[in-house]
Amino acid sequence: MSDHKHEHGEACGCGHDHDHEHEEFVLTLTNEQGEDVEMVLVETFDIGEKLYALLLEKENPEADGIILRMEEEDEEMVLYNIEDEEEWKAVEEAYNNLLAQQE
């Protein structure tokens, strides 16, 4: 999936104190085939100073999700692919711990 920008606001998952209603937050990302795919923000979690987002396909929630790093730039949240292997290992471990705590 490619990097994607979205507007900073309610349900953005940025960690700021917004007036959250439990609405579905949908992003449109472009996959490797150049197709737009609607993704639902399911979960955000922190590792140290960094924030990560778990996204699932809106039309196919049973498909594998993706985890992207979130960074605030000019009051907008920007999603980045995790390309560093060490960062990915830390993210994977943190996400697995999060799942274990929820069960």
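Scanning the range 27-39 finds no residues that are buried (at least 16 other Cβ atoms within 10 Å of the Cβ), among the hydroxyl-bearing types (Ser, Thr, Tyr), part of a strand (DSSP E or B) and under 13 Å from the mean Cα position of the chain (by Cα). The strands (runs of 3 or more DSSP E) found entirely in the range 47-103 that carry 3 or more residues being touching a His at 6+ places or on another chain (Cβ under 6 Å) are 76-80. Among the residues of the range 65-86, which ones are surrounded by 16 or more Cβ atoms within 10 Å (Cβ to Cβ) and at positive phi? Within the range 65-86, none qualify. Residue pairs whose Cβ atoms lie under 7 Å apart, sitting 6 or more positions apart in sequence or on different chains, and linking a residue in the range 39-59 that is of a type in the set (D, E, K, R) to a partner that is crowded, with 16+ Cβ neighbours inside 10 Å and part of a strand (DSSP E or B), are Glu43/Leu54; Lys50/Arg69; Glu57/Val37; Glu57/Met39; Lys58/Met39; Lys58/Val40.
Residues that are buried (at least 16 other Cβ atoms within 10 Å of the Cβ) and closer than 16 Å to Ile66 by Cα were ranked within the range 1-26; the one that is modelled with the lowest pLDDT is His4.
Residues are listed down the side, and each one gets a yes or a no for (1) acidic (Asp, Glu); (2) modelled with pLDDT of 90 or more; (3) within 19 Å of Phe25 (Cβ to Cβ):
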site	(1), (2), (3)
Leu51	no, yes, yes
Glu57	yes, yes, yes
Glu71	yes, yes, yes
Asp74	yes, yes, no
Glu87	yes, yes, no
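For the range 85-103, the set of residues classified as of a type in the set (A, V, I, L, M, F, W, C) and farther than 14 Å from Glu43 by Cα consists of Trp88, Ala90, Ala100, listed by residue number.
The values are calculated or read from the model by the stated rules, or taken from the named source; none is laboratory data. On a predicted model such as this, the values are computed, not experimentally measured, just so you know. Using ideal geometry, Cβ is built from the backbone for each residue, glycine included, and neighbour counts are taken over all protein chains shown.
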